[in-house]
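Novice: Dropping a structure here in structure tokens format, bear with me for questions.
The values are calculated or read from the model by the stated rules, or taken from the named source; none is laboratory data. Please read all numbers here as calculations on a predicted model, not as lab measurements. Neighbour counts run over all protein chains shown; Cβ positions are idealised from the backbone, glycine included.
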Amino acid sequence: MPRISTIALALAVTVAPFTASAYTTSGVCLRACDGTASFYAVLPTYLGSLAVRYLGASWSSTYYLDGDGDSFGDGAGPTRPCVTSGYVAKSGDCDDANASVNPSAAEVCGNDIDDNCDTVADEGCVTCPCFTADDIAADRAEFLAVGYDSTTSTCTDYTVYGNGYSYDYATLEWRGSMSSDGIMTEERDRYYAIDYVDGSSATFCERWESEGTRDAATGAYISYGEDYQNVPLTTDEHAKCIAIILEAAATAEIPCTTTTYP
């Protein structure tokens, strides 16, 4: 870029306020814009030489600091009145430290984040009202950490249609036990289920666990169970719950017995 002399710069600030429409396409900022005293270098075709104009009060454009490089800035953050490195013309970024969150991002279901900055998290997403993949993963980790003497894990995926009826369910279960001198002293069972029968009131999801211990004094085996949730499902919710169970089984490397008819 041609060198601008101090004299030329001094003379330039005496001209009329800068007209954005005449110079924005070919100009560059000579120094960091501060919103009130920046200079703009342009090469107007009718002058054929470099000229400097004072932005003045007529400058109307705003550029926003883009902290995460996703081409959107935070409207409440720092701004500049002209093109500056690290600043962009679009605002509306609700998390300028996360490039995957901005007004053009697709909403990601289940992460409880407003990915597209419309003030609503997970809008339009179908969820399973009984449990999430994280719930199952946490329960599984807790179960494995106990170190039971014996464990079993099962998964079923059962789908039957025909003769005017439909029956579709999936289950995921693991069971662990402790023994002493060949006698079981403790047992724990965790069970997830999704059931569907012709879209009726029998369509539900379930999450429960049972535990049992043997009383050392009497030898009696005492057990109890607890239903965490047992709620009706829509067809879409049913499909989401099925997917969560099957994905959780695959992640835990639990083989799933599949039955489909016809």
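Novice: Enumerate the pairs (first residue in the range 205-230 and on the phi > 0 side of the Ramachandran plot and assigned by TED's automatic domain parsing to the domain that holds Ala170; second residue anywhere and aromatic (Phe, Trp, Tyr) and exposed (fewer than 14 other Cβ atoms within 10 Å of the Cβ)) with beta-carbon separation below 8 Å, excluding pairs fewer than 6 apart on the same chain, so at least 6 apart or on different chains.
Specialist: Note: no pairs meet the criteria.
Novice: Going through the range 200-235 one residue at a time, which ones are surrounded by 16 or more Cβ atoms within 10 Å (Cβ to Cβ) and of a type in the set (Gly, Ala, Ser)?
Specialist: Scanning the range 200-235 gives a single hit, Gly212.
Novice: Moving to a separate point now. Name the residues in the range 236-257 that are over 20 Å from Arg140 (Cα atoms) and either surrounded by fewer than 12 Cβ atoms within 10 Å (Cβ to Cβ) or not assigned by TED's automatic domain parsing to the domain that holds Arg175 (or both), would you?
Specialist: Answer for the range 236-257, where residues must be over 20 Å from Arg140 (Cα atoms) and either surrounded by fewer than 12 Cβ atoms within 10 Å (Cβ to Cβ) or not assigned by TED's automatic domain parsing to the domain that holds Arg175 (or both): just Asp236.
Novice: Identify all residues within the range 146-159 that are among the hydrophobic types (A, V, I, L, M, F, W, C) and in a strand (DSSP E or B); write none if there are none.
Specialist: Of everything in the range 146-159, just one residue is among the hydrophobic types (A, V, I, L, M, F, W, C) and in a strand (DSSP E or B), namely Cys155.
Novice: Can you tell me how many residues within the range 123-164 are under 30 Å from Lys90 (Cα atoms) and modelled with pLDDT under 85?
Specialist: Of the residues in that region, 2 qualify.
Novice: Here's a follow-up. Can you tell me which residue within the range 105-131, out of those that are β-branched (Val, Ile, Thr) and surrounded by 16 or more Cβ atoms within 10 Å (Cβ to Cβ), is farthest from the chain's Cα centre (by Cα)? Step through it out loud before you land on a result.
Specialist: Pass one, the range 105-131, residues β-branched (Val, Ile, Thr): 108, 113, 119-120, 126-127.
Checking which are surrounded by 16 or more Cβ atoms within 10 Å (Cβ to Cβ) leaves us with 113, 126.
Working: Ile113: 5, Val126: 14 Å.
Among those that are β-branched (Val, Ile, Thr) and surrounded by 16 or more Cβ atoms within 10 Å (Cβ to Cβ), it is Val126.
Novice: Which members of the range 73-104 meet the condition of being at pLDDT below 90, surrounded by 15 or more Cβ atoms within 10 Å (Cβ to Cβ) and either β-branched (Val, Ile, Thr) or touching a strand residue (DSSP E or B) at 6+ places or on another chain (Cβ under 7 Å) (or both)?
Specialist: Matches in the range 73-104: Thr79, Arg80, Cys82, Val83, Thr84, Tyr87.
Novice: Say we look at the range 171-186 and pick out the residues that are in a strand (DSSP E or B) and of a type in the set (Gly, Ala, Ser); which of these is nearest to Ala250 (Cα to Cα)?
Specialist: Among residues in the range 171-186 that are in a strand (DSSP E or B) and of a type in the set (Gly, Ala, Ser), the one nearest to Ala250 (Cα to Cα) is Gly176.
Novice: Next question. Looking at Val120, Val160, Val146, can you tell me which residue is over 17 Å from Thr251 (Cβ atoms), in contact (Cβ under 8 Å) with a residue 60 or more places away in the chain and of a type outside the set (Ser, Thr, Tyr)?
Specialist: Val160
Novice: Mind listing whichever residues of the range 129-139 are under 21 Å from Asp236 (Cα atoms) and not in a loop (DSSP other than H, G, I, E, B)?
Specialist: Ala133, Asp134, Asp135, Ile136
Per-residue answers, yes or no, for (1) in the same structural domain as Pro255 (by TED's automatic domain parsing); (2) touching a strand residue (DSSP E or B) at 6+ places or on another chain (Cβ under 8 Å); (3) part of a strand (DSSP E or B); (4) under 14 Å from Ala243 (Cα atoms):
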site	(1), (2), (3), (4)
Ala106	no, no, no, no
Cys109	no, no, no, yes
Asp114	no, no, no, no
Thr127	no, no, no, yes
Ala141	yes, no, no, no
Tyr161	yes, yes, yes, no
Tyr169	yes, yes, yes, yes
Arg188	yes, yes, yes, no
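Novice: Output the number of residues of the range 167-190 satisfying the condition of being more than 16 Å from Thr258 (Cα to Cα) and without any contact (Cβ under 8 Å) to a residue 40 or more places away in the chain. Show your work before the answer.
Specialist: Let us first name the residues in the range 167-190 that are more than 16 Å from Thr258 (Cα to Cα), namely 174-190.
After this cut, where a residue has to be without any contact (Cβ under 8 Å) to a residue 40 or more places away in the chain as well, the list is 175-187, 189.
Within the range 167-190, residues that are more than 16 Å from Thr258 (Cα to Cα) and without any contact (Cβ under 8 Å) to a residue 40 or more places away in the chain number 14.
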